[in-house]
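Below is one structure, written out as structure tokens; comments come after it.
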Amino acid sequence: MIVELGHFALVMALGLAIAQGSLPFLGASRHDLALMRLGSTAAVGQFACITLALAALTNAYVTSDFSLLNVYENSHSTKPLLYKVSGVWGNHEGSLVLWVWILALFGGAVALFGRNLPLPFKARTLAVQGLIGTGFLLFMLFTSNPFERLVPAPLDGTGLNPILQDPGLAFHPPMLYLGYVGLSVTFSFAMAALIEGRVDASWARWVRPWTLVAWVALTLGIALGSWWAYYELGWGGWWFWDPVENASFMPWLAATALLHSAIVVEKRDTLKSWTILLAILAFSLSLLGTFLVRSGVLTSVHAFAVDPSRGVFILALLVIAIGGSLAMFALRAPAMQPGGHFAPVSREGGLLLNNLLLATATATVLLGTLYPLALEVVGGAKISVGPPFFNATFVPLMLPLLLAVPIGATLAWKRGNLMGAFRRLRLAVAAALATMALYLVLATPASLGAALGFGLAVWLIGGSIADLAARVGLLELAPGRIWQRLKGLPASAFAVTIAHAGLGVLIVGITASSALQEERLLAMRPGETTTIGRYEVRFAGVEEGQGPNYSALRATFETTRGGRPVATLHSEKRFFPVEGQPTTEAGIQTTLWRDLYFVLGDRTPDGAWAVRLYLNPFVVWIWGGVGIMAMGGLVSLLDRRLRVGAPTTAAARRGGRPGLRTPVGA
Amino acid sequence: MRRLLFVVPALVFVAIAGFLAVGLTRDPSTLPSALLDRPAPDFALPPLPGRDEAGFSRADLGGGPVLVNFFASWCVPCRIEHPIINRLAEAGVTVHGINYKDKPEDALAWLAELGDPFALVGSDQDGRVGIDWGVYGVPETYVIDADGTIVHKHVGPLQPRDVERTILPLLESLKR
């Protein structure tokens, strides 16, 4: 009964989405208030309906209702509760429910919190959002119904892929979708602006909080996925340039570019059509990611079940959404007048450079992801594009970008002074050079790449702090004055410092974990001792154990340093009988400076065990750095100007747009 | 002229959508190889140093149906597939491995950790042999009959379903 209710709620949601995707357009062009307001009502209603559907599906999972095909295929009665719930989105149909639920969540949020938007603009934004919802609800109801019944109901389910039964992965999809789908709001704002033919500072301010929310969620979602891959896949790597990882990374790169270019629109009223294009591209790349994961065009660990009819449907959605919006862009964007001019060396210039490099990087990743497919289609040689391609193309693009970050953030708007910027940053320059020199002297063998990496990291962290210090007059003014200036700085100034410093922390992690990693592979007998780095590791032995839905072989490693105990680590090989699959659980001890990461392998015929020991220096800085970047995004959300909207004087000067807090005709 | 610039993104997308549309008509996991039903190409690969001295070459094929599995330690799907290869080997199927674009020491560590189901392993460090075989991306598994002819190609990780429905019946029919 509850299941049928959920199914019915989805159909209701489709009806509301169709209304939301059509009537407000009509209302906005006819200045019909009632029709325009309908957009908000429909958006909230759609959210309520999909919430009901999601709750019904979750209930079926929690109560192990195997009369539902979806539950039967992806769950089992002995699975822990957390994974029963996360099983809802651990499959194609259920993850689509989550997808449209988040879409409706954002639609509802725009309806409720977008009070400072002019009514016609808000109506058009919500209508675009409704159209996206319509497409996805149609897709779900026609090709991927999560509420399909199974008669007769089986006694138990077939389980969830054990590699997905993990806390990190339980939260990775919702976070990632929050980012993917959050970009739909930016997209809808861009489309509404194209329809109205106007992009200005206030538009940039309205979009900013939504872009920030999506960016923060996407950042955290990608980090969770990478963290999971690190500790679950059991070989110490944290990024694999897998097509599906790339699918989430491309929208992130585009969204990062968008965050930066929207600042230029807001402050200087220029780069407008470029910003609109980025808003379209960021969401288009999210849609492309959805297509890649679900159509079966590429094979990957993440790929859901292959079904050609689904692929055709998503491709049609893609063509309508992306093709339509880019066609609209081609028609309407040329009419937008470019705004103020600026010198190449200026804040705008720096942000433009940032955008060019990020856009090129996005294109590179796109090329690497689609190249095997394209080559295959035109009948050329068959190849696979792996990490070597991305390391050879992506990394060189990042070097100038990272080098430019602190300088760009220091430059003044319109016309900057490069020498002045360097004077501000002289301590950071010195620290970076000193770090490189220190590394080259101390490390044996030293690699130039690693030296560059550490230097850039210190440059980023030092540069962001130096810029903030210069702004408040540290080293120049009296403490009282510094405090006053500090209080006077907008939240966005701190956000820039935090996010850019986080990037530096991330670079430390990446450089150290790839350049300084130590790895030992050996066969050990119980009781034997070996060393890795400065640690002595004693292999105590292997015993058998039992988990809730798996059996395990559990190895114990006692680690000491200079005779003093450091950690006792357990590495497991688990076997999941329901799914018939094994997993490995590495024994990991994380500290700020290094991870001990021990993996148990197979038993050799002579009674020893193959073990793999890693010493990963600074690896936690990778996720810490990403977390700090996301925190920068959150701090930026606190900025006052996002809440008060654009100053009325600016709007009045342009004419036409009435007071921003009063809707048209109200 | 400036207007034309704004059409470029749409044109690029049309090209991408075209590729995706053609790509959809092909299922990558059963992608027919250009070499299907032809003799396996000639090759002679060095061993993974430390595993054995033999290596793996064209001359080792023939005499009975075998599987040839292209794998790499940097390949995540291979890791998922590997237990299935192990079980195939335990069930008495002869599986040879070609280690594709990989460092031998990484491959050895990988095999030590996950188990080594392979009868023979050749190290294809520069991917030359992979190109001759038409490897699209690892993992890929080929079924070779007793005459050394490629009779089936599976792209992507083998799933239990593929083994039961395709690989095992095919091997059974080849034995007769």
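The values are calculated or read from the model by the stated rules, or taken from the named source; none is laboratory data. The structure presented is a predicted model; accordingly, all values stated were derived computationally and were not measured. All Cβ positions, glycine included, derive from the backbone under ideal geometry; neighbour counts span all protein chains shown.
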When residues of the range B:134-149 are limited to those that are assigned to a strand (DSSP E or B) and surrounded by fewer than 22 Cβ atoms within 10 Å (Cβ to Cβ), the one modelled with the lowest pLDDT: B:149
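Quick grid of which residues meet (1) surrounded by 22 or more Cβ atoms within 10 Å (Cβ to Cβ); (2) more than 9 Å from chain B (Cβ to nearest Cβ); (3) modelled with pLDDT under 80:
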position: A:268; (1), (2), (3): no, yes, no
position: A:271; (1), (2), (3): yes, yes, no
position: A:284; (1), (2), (3): yes, no, no
position: A:289; (1), (2), (3): yes, yes, no
position: A:298; (1), (2), (3): yes, no, yes
position: A:308; (1), (2), (3): no, no, yes
Hits in the range B:108-122 (condition: more than 9 Å from every other protein chain (Cβ to nearest Cβ), small (Gly, Ala, Ser) and surrounded by fewer than 23 Cβ atoms within 10 Å (Cβ to Cβ)): B:119
Every residue from the range A:511-535 that is in a loop (DSSP other than H, G, I, E, B), farther than 26 Å from residue A:435 by Cβ and not acidic (Asp, Glu): A:525, A:526, A:527
Subset of the range A:368-400 [modelled with pLDDT under 70 and away from chain B (no Cβ under 11 Å)]: A:380
Boolean, residue A:391 is in contact with a His (Cβ under 8 Å, 6 or more places away or on another chain) and part of a helix (DSSP H, G or I): no
Any hit, the range A:246-267, residues being out of contact with any Cys (no Cβ under 7 Å at 6 or more places or on another chain), charged (D, E, K, R) and assigned to a helix (DSSP H, G or I): yes
Search result, residues across the range A:515-531 that are within 14 Å of chain B (Cβ to nearest Cβ) and under 39 Å from the mean Cα position of the chain (by Cα): A:517, A:518, A:519, A:520, A:521, A:522
Filter result (among the charged types (D, E, K, R), surrounded by 14 or more Cβ atoms within 10 Å (Cβ to Cβ) and closer than 30 Å to residue A:449 by Cα) within the range A:519-535: A:519, A:520
Members of the range A:33-77 that are assigned to a loop (DSSP other than H, G, I, E, B) and either surrounded by 17 or more Cβ atoms within 10 Å (Cβ to Cβ) or aromatic (Phe, Trp, Tyr) (or both): A:64, A:65, A:66, A:75, A:76
Sole residue being more than 13 Å from chain B (Cβ to nearest Cβ) and either under 35 Å from the mean Cα position of the chain (by Cα) or closer than 26 Å to residue B:88 by Cβ (or both), chosen from A:584, A:591, A:560, A:556: A:591
Search result, residues across the range B:144-176 that are over 14 Å from the mean Cα position of the chain (by Cα), β-branched (Val, Ile, Thr) and more than 14 Å from chain A (Cβ to nearest Cβ): B:149, B:166
Residue A:209 being in a helix (DSSP H, G or I) and farther than 27 Å from residue A:24 by Cβ: no
